[in-house]
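Peer 1: Next up is a structure, given as structure tokens.
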Amino acid sequence: MQYIDVVIDNKSVYTDTFYTYSAPDGIMTGARLTVPFGVRRKLVDAYCVRTGVQPEFDVSKIREIASVDEERSLNGEMVDTAVWMRRRYGTKYIDGLKMFAVQGKRESAAKEKEKDGPHDPHYELTGGQKAAADRICAAVEERRGGTFLIKGVTNSGKTEVYMKAVDKVLSEGRTAIILLPEIALAGQVAERFRKRFGSGEVAVLHSRLKTSERLREWLRIRRGEARIVVGARTSVFAPIDNIGIIVIDEEHESTYKSDHNPKYETIDVAYKRASDHKAVLVLGSATPSIVSYYRAKTGVYELIEMDERIGGSIMPEPGIIDMRKEAVSGNLSTISQELAAQTDSALRRGDQVIYFLNRRGFSTQILCPDCGFRMTCPDCGITLTYHRSSNAAVCHYCGRKFPLPGTCPDCGSRFIKYVGAGTEKVEAEVRSLWPEARVSRFDTDTVAAGGDPAKVIKDFQRGRTDILVGTQILAKGLDFRNVGLVGVINADVSLNIPDYRSSERTFQLITQVAGRAGRAGGRSSVLIQTFDPESDIIKEAAAGDYEEFYEAEMLHRSIMNYPPFSDIIQVMFSADSEEDAMSYAQTFRRRLAGLRSAPEGAQVMRPGADERRTDGRARAGFIIKAPQGSRAGYIAEYMRFRDRMIEMKAPAFIEIDVNPY
């Protein structure tokens, strides 16, 4: 018999600590248990986080565990990562542990289908692909770990490099995790891996799986039946042993940052797990994030550049269209005359066309021209968007729907206007201009309405769709072979977002969506519509000049002390009353501002109220700019203040988000 420390499966911050139990000697770190807890009659779930504990209190008060679920247990590395997440992000122990765990009582039966592969893995690599693969495979063979950043232009063949590296990993008897920014893209890539390595070797994990399906895949991974895991962000927590490589494709995408609890950065977690296994971490993108490219430039990552497209494909010819001139000429459509003319030509040639606009819905504002009233969400303060498909005003922050007003709520005017354009409106205009064309729309609204994202993609890939209208999901690495024209409807949209990353995001979106064109060779073009054609960001994106963009952006960030020169930490308090939320925010802010150990260059902003009340609670918070290397100290202060609030049973709750989007 031994004593162990466990974490109870409970969401409350009041149980976010270790509890000591007695257990058989065979119990290992990571074991999933049931234990008696408090005065409850029903046993609760728990995870062993430490064995061989020497209690410092009366052992007669220590209770014994009830049972062990060996099949769903974790291992020591997974527990260590969950504990590390608490130190790095201020999460609860159980939140980190449950990212590795699985729910459900019964796994679904696998659908009977012909097993693929493995097919002949001897794909003929180009010189650039081979050079990249050789460097990564050497690191795998030497088991020296390390992080590689592949900066490869769109359609440079990065996926084949990943496959070559995974083949090497499997030959060494190790395992692989492949991460993609979208579930739809994960499905596409999983098929390629199944064909190459065999369907039995590949497991897929993502949030759209049914509970029983996720349990089946989780158990296949845990038993060692599947050695390759393909999925979206949460697959970084796959319960896999002996990791040899973790790949994060399109590493620049914001979807790799979790914006709900537990809040974490996928690249950080992947780096931690890869380091523990002496595995290789590979990041790939045509437009790396500023932070990742900075790390490559400073030697933290090894940089691999792939500057040539494969298969004879060439980059599309760029063009910038000044929409101010379109308005002067009387064209008030979202589609310029030049884009319409080139669409005509592309359709006649048999080419497919992509229209990209990073705004969903029909109109982006509902307002009264007489008094200036603008319809906003009463909970969030966010401007409501008109969705014609549901005939409602929708908040894109909380998701609430509101009936459309017949008259202005403020002045009673009947002249309500619907201003701006979203993908619904673009789709309607496209169908009107080209009634014979086969048109589809691909955004989160179509998926939420029961649409199958995989079907939309397959239909376009197989030539069953002529024009595809969509949002940023189209820019996330999808492989389309017959696109002759890409139209960026309003390139200014993301530039107007109040975020220090807005320039970076705009450059990435334009470059990535332009990269969907010209993959099968031959002439192709991308037309960028903008009301600010003089913008350096627009010009650099049109030219695909990443280096010039990077240098200008780094100068701006160094002046403003933005990442990678700092970490941005958002501190938020919630309470039933605005007074309590603001009071605790001010108290904690004063505490941080008065620290004698505060690093040079640190900034703690003044607290402000947040008008969003999605759960009926008031919020107030502030931002910390923590210079490089100092965020651990601020998170430690947060944990101490949080623990003090718990002891006092404070009428407020505190949480943080490191480098939020």
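The values are calculated or read from the model by the stated rules, or taken from the named source; none is laboratory data. No experiment lies behind these values; they were computed from the predicted model shown. Neighbour counts are summed over all protein chains in view; Cβ atoms, including those assigned to glycine, are modelled from backbone coordinates with ideal geometry.
Peer 1: Is it the case that region 154-172 has a residue that's among the hydrophobic types (A, V, I, L, M, F, W, C) and modelled with pLDDT under 90? Before you say what the answer is, go through the steps one by one.
Peer 2: Restricting attention to region 154-172, the residues satisfying the condition of being among the hydrophobic types (A, V, I, L, M, F, W, C) are 161, 163, 165-166, 169-170.
Retained after the next criterion (residues that are modelled with pLDDT under 90): none.
Looking for residues that are among the hydrophobic types (A, V, I, L, M, F, W, C) and modelled with pLDDT under 90, one finds none in region 154-172, hence no.
Peer 1: From the list E107, E70, which residue is surrounded by fewer than 20 Cβ atoms within 10 Å (Cβ to Cβ) and either over 36 Å from the mean Cα position of the chain (by Cα) or in contact (Cβ under 8 Å) with a residue 40 or more places away in the chain (or both)?
Peer 2: E107
Peer 1: Out of the residues in region 318-343 that are surrounded by 14 or more Cβ atoms within 10 Å (Cβ to Cβ) and of a type in the set (D, E, K, R), which is nearest to the chain's Cα centre (by Cα)? Working first, answer last.
Peer 2: Start the filter on region 318-343 by keeping residues that are surrounded by 14 or more Cβ atoms within 10 Å (Cβ to Cβ), which leaves 318-323, 326, 331, 333-336, 338-340, 342-343.
Checking which are of a type in the set (D, E, K, R) leaves us with 322, 326, 338.
Numbers: D322: 32, E326: 36, E338: 35 Å.
For region 318-343, the residue satisfying everything is D322.
Peer 1: Ok, one more. Test of understanding: among S254, S289, which residue is under 30 Å from A541 (Cβ atoms) and at pLDDT below 95?
Peer 2: S254
Peer 1: Do we have G173 as closer than 28 Å to G128 by Cα, buried (at least 21 other Cβ atoms within 10 Å of the Cβ) and among the small types (G, A, S) here? I'd like the intermediate steps shown before the answer.
Peer 2: Values: closer than 28 Å to G128 by Cα: yes; buried (at least 21 other Cβ atoms within 10 Å of the Cβ): no; among the small types (G, A, S): yes.
Taking the combined requirement at face value, the residue does not satisfy it.
Peer 1: Could I ask something else about it? Among F588, F573, which is the only one that is in a helix (DSSP H, G or I), in contact with a helix residue (DSSP H, G or I) (Cβ under 7 Å, 6 or more places away or on another chain) and not assigned by TED's automatic domain parsing to the domain that holds H260?
Peer 2: F588 is the lone residue from the list that is in a helix (DSSP H, G or I), in contact with a helix residue (DSSP H, G or I) (Cβ under 7 Å, 6 or more places away or on another chain) and not assigned by TED's automatic domain parsing to the domain that holds H260.
Peer 1: Could you list all residues from region 594-649 that are under 19 Å from Y562 (Cβ atoms), among the basic types (K, R) and either crowded, with 19+ Cβ neighbours inside 10 Å or under 26 Å from the mean Cα position of the chain (by Cα) (or both)?
Peer 2: K625, R631
Peer 1: List pairs: first in region 633-661 and over 24 Å from D268 (Cβ atoms), second part of a strand (DSSP E or B), Cβ under 6 Å, 6+ apart or cross-chain?
Peer 2: Final answer for the pair search is P651/A575; A652/F573; A652/A575; F653/S574.
Peer 1: Which numbered condition in (1) surrounded by fewer than 24 Cβ atoms within 10 Å (Cβ to Cβ); (2) of a type in the set (V, I, T); (3) out of contact with any Pro (no Cβ under 9 Å at 6 or more places or on another chain); (4) within 22 Å of K476 (Cα to Cα) is the only one that T211 fails?
Peer 2: Result: T211 fails condition (4) only.
Peer 1: Just one of the numbered conditions (1) under 27 Å from the mean Cα position of the chain (by Cα); (2) among the acidic types (D, E); (3) modelled with pLDDT of 95 or more is not true of D379; which one?
Peer 2: All conditions are met except number (3).
Peer 1: Moving on. Can you tell me which residue among G399, G381 is without any contact (Cβ under 8 Å) to a residue 12 or more places away in the chain, in a loop (DSSP other than H, G, I, E, B) and outside the structural domain of T511 (by TED's automatic domain parsing)? Show your work before the answer.
Peer 2: Numbers: G381 fails: without any contact (Cβ under 8 Å) to a residue 12 or more places away in the chain.
Only one candidate qualifies: G399.
Peer 1: Also, quick follow-up: Would you kindly identify the helices (runs of 4 or more DSSP H) lying entirely within region 406-491 that contain at least 2 residues that are closer than 18 Å to V353 by Cβ?
Peer 2: On the way: elements: 423-433, 444-448, 453-461.
Helices (runs of 4 or more DSSP H) meeting the threshold: 423-433, 453-461.
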